[in-house]
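Step one of this worksheet: look at the structure below.
What follows is calculated from the coordinates using simple rules that are stated; it is not laboratory data. Keep in mind that what you see is a predicted model, and the values were worked out from it rather than measured. All Cβ positions, even for glycine, are placed from backbone atoms using ideal geometry, and neighbour counts span all protein chains on display.
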Amino acid sequence: MSRESIYKRYIPDVKHEHKNKPAYWFIFNSDKLLINHKKDNKIPFIKDITILDTSMFCTHYIGTLEDHPCICAEVPPKIVALDGMTFEDLHELYEILDEDLFLLAGRAIQIINWDKNHRYCGKCGTLTENMENEMAKICPECGHICYTRISPAVITAIIKNGKILMAKHSYGLKDRYALVAGFIEAGETLEEGVKREIMEEVGLKVNNIKYFGSQPWPFPNSLMVGFTADYESGEINVDGKEIIDAKWFDVDEVTPMPSKISISSELIEWYIENYS
Ligand SMILES: [Zn+2]
């Protein structure tokens, strides 16, 4: 992984102790992020967001970025952005936002959605409360605690005689081939998940599974864990429903992806660098 960790500049926290300093405000309206087009960094950076509206909910302090407080919140759908600002789809922003701010926006939207989906205790139905010292919600009635929800998923670059396997998904863009990926099931190791997904999706056995790196992916709440693996045996066999086609590509048939932020593009870059 070539990307530098955001934790060199970002310190996560839940207690807001810098209330007199200007803060980065990650404000969402129906999953869309408030962007200030008048500023270079695009994220509203002010001491007091009440100029926008005071009807924010799911407000959470999420720590500091280079000593600047970071706060996330949601506003009701009826709220219209102020002059010079718009609400934008996060998918469209990873070329536009600075990488640290994009990663924090991804953290912010996951926390907001987790908060919205855990307002009531899943065990007894009582209204939950935010815990003081960690990002968690507790039920005042039965004590049940729920933490932010993360779904681990694996993505693998499978290599056979210098070629890489790519598959075309039924839900993906037309004619776009991508690496094999899927969610981890309860009770499974990451490596077992890699083997199962590859067998299910393309009918192949792999070995020499090696960890490559990981990446939080906020669409909606994944942790993508990247691996490389070698082909062991089997013939490509796709189900025709989820996967329409899969084939081996030579290094000169593979083009780097335009965005550098996804682990999938880093795996493709790793392949091109090592097999050219
Ligand atoms: Zn409860």
List the GluC sites (Glu not before Pro) in region 193-266 that DSSP assigns to loop (not H, G, I, E or B) and whose Cβ has at most 16 other Cβ atoms within 10 Å. Which are they? Glu235, Glu242
Roughly what % antiparallel, to the nearest 5, for the DSSP beta bridges in the chain? 75
Largest to smallest principal axis extent of the C-alpha atoms in region 225-276, angstrom: 30, 23, 22
Convex hull over the Cα atoms of region 13-71, averaged projected area in nm²? 4.4
Could you tell me the center-to-center distance, by alpha carbons, between region 215-261 and region 123-159 in angstrom? 29
Using a Gaussian network model on the chain with a 10 Å cutoff between Cα atoms, which of Asp239, Asp100, Asp13 fluctuates the most? Asp239
Rounded to 0.05, the calculated FRET efficiency for the beta carbons of Lys8 and Asn133 at R₀ = 22 Å is 0.40
Of all trypsin sites (Lys or Arg not before Pro) in region 146-191, the ones in DSSP coil with at most 14 other Cβ atoms within 10 Å are Arg149, Lys174, Arg176
Proximal lysine pairs, region 151-275, alpha carbons under 20 Å, eight or more residues apart or interchain: 20
Give me the percent relative contact order of region 151-275, please, defined on Cα pairs under 8 angstrom at least 6 residues apart. 32
So Ser170 and His16, fully extended at 0.36 nm per residue minus their Cα-Cα distance, gain in nm 50.9 nm
How high is the relative contact order of the chain, in percent, with contacts defined as C-alpha pairs under 8 Å that are six or more residues apart? 15
Taking the convex hull of the Cα atoms, report for the chain its projected area averaged over all directions, in nm². 17.1
Fully extended, how many nm does the chain gain between Lys47 and Asp245 (0.36 nm per residue separation, minus their Cα-Cα distance)? 66.1 nm
Local electrostatic count, Lys160, Cβ distance below 12 Å [Lys/Arg +1, Asp/Glu -1]: -1
Output for region 210-261: trypsin sites (Lys or Arg not before Pro) sitting in coil per DSSP, at most 16 other Cβ within 10 Å, listed by number, reads Lys241, Lys260
